[in-house]
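Working notes for the structure below.
The values are calculated or read from the model by the stated rules, or taken from the named source; none is laboratory data. Source: prediction; values computed, not measured. Every residue, glycine among them, receives a Cβ derived from its backbone with ideal geometry; neighbour counts consider all protein chains shown. What goes into the accessible areas is simple: the full protein's heavy atoms, side chains included, and nothing from ligands, DNA or RNA. Shrake-Rupley method; radii C 1.70, N 1.55, O 1.52, S 1.80 Å.
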Amino acid sequence: LVSHRAIQTEIDRFRYLPQVAGEDARIRAALSRPEAPQAIEAANRYLERITAQTGAEQLYLMDDSGLTLAASNWSEPDSYVGHNYGFRPYFTEARDTGSGAVYAIGVTTGEPGYFISTRVDDPATGLSGVMVVKIDLRPIEKAWAETGQYIAVTDRDDVVFLSSQPDWRYRPLTPLPEDA
């Protein structure tokens, strides 16, 4: 129960971020004018600043195909800018229903995280995109490990994705059915 609360509290700290960031004029400008370098630079710098202020791992904007237009890590070697994440469930869920969330290993960085997404609709242009925040839950795992407790969190297929014991991570508790 305490573990569940810790995870939920950490997720709730950032749940609002994609929606709020998506309302910013710099994000709207980047979405409506992705070919304009000034619009993209302003969005990149805004996302970088918001990420630094909130402690989120990453924050990024994708167009309606999943192509990343702007990202908080725009100036880093493993920047998300230019990568297409249209195949990720957090993108397709947000595009189709308005919001999405999934715990996954980052395709670009190879680092795990919890991804929360929100569709960004521009009523003036009719364009839409998806804003995503990536949250690092590894500090929670580290805190669990430091207490000496044996804690594991599983997904719907009973595969451990967070644990105080690193060798438990990404292992199923029971044999997986063929379709899983």
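What about MET62, is it in contact with a Leu (Cβ under 6 Å, 6 or more places away or on another chain) and either on the phi < 0 side of the Ramachandran plot or among the small types (Gly, Ala, Ser) (or both)? Here the answer is no, as MET62 does not meet what is asked. Each residue in the range 24-62 was checked for being of a type outside the set (A, V, I, L, M, F, W, C), over 14 Å from ASN73 (Cα atoms) and touching a residue at least 40 places away in the same chain (Cβ under 8 Å), and 3 of them qualify. For the range 126-143, the set of residues classified as farther than 21 Å from ASN84 by Cβ and open to solvent by 20 Å² or more (accessible area, probe 1.4 Å) consists of GLY126, ASP136, ARG138, PRO139, ILE140, LYS142, ALA143, listed by residue number. With respect to PHE161, is the statement that it is touching a Pro at 6+ places or on another chain (Cβ under 8 Å) and either open to solvent by 50 Å² or more (accessible area, probe 1.4 Å) or in contact (Cβ under 8 Å) with a residue 40 or more places away in the chain (or both) true? Here the answer is yes, as PHE161 does meet what is asked.
Within the range 1-37, the set of residues being open to solvent by 100 Å² or more (accessible area, probe 1.4 Å) and under 19 Å from THR154 (Cβ atoms) comprises LEU1, VAL2, HIS4, ARG5. Any residue that is hydroxyl-bearing (Ser, Thr, Tyr) and over 24 Å from the mean Cα position of the chain (by Cα) - is there at least one of those in the range 138-156? Yes: the range 138-156 contains one or more residues that are hydroxyl-bearing (Ser, Thr, Tyr) and over 24 Å from the mean Cα position of the chain (by Cα). Selection of the range 70-97 for residues being open to solvent by less than 20 Å² (accessible area, probe 1.4 Å) and among the aliphatic types (A, V, I, L, M) yields ALA70, ALA71, ALA94. Among the criteria (1) closer than 27 Å to ASP24 by Cα; (2) of a type in the set (Asp, Glu); (3) open to solvent by 80 Å² or more (accessible area, probe 1.4 Å), the one ASP122 does not fulfil is (3).
Taking the criterion of being within 12 Å of VAL130 (Cα to Cα), out of contact with any helix residue (DSSP H, G or I) (no Cβ under 8 Å at 6 or more places or on another chain) and part of a loop (DSSP other than H, G, I, E, B), the only residue of the range 74-91 that qualifies is ARG88.
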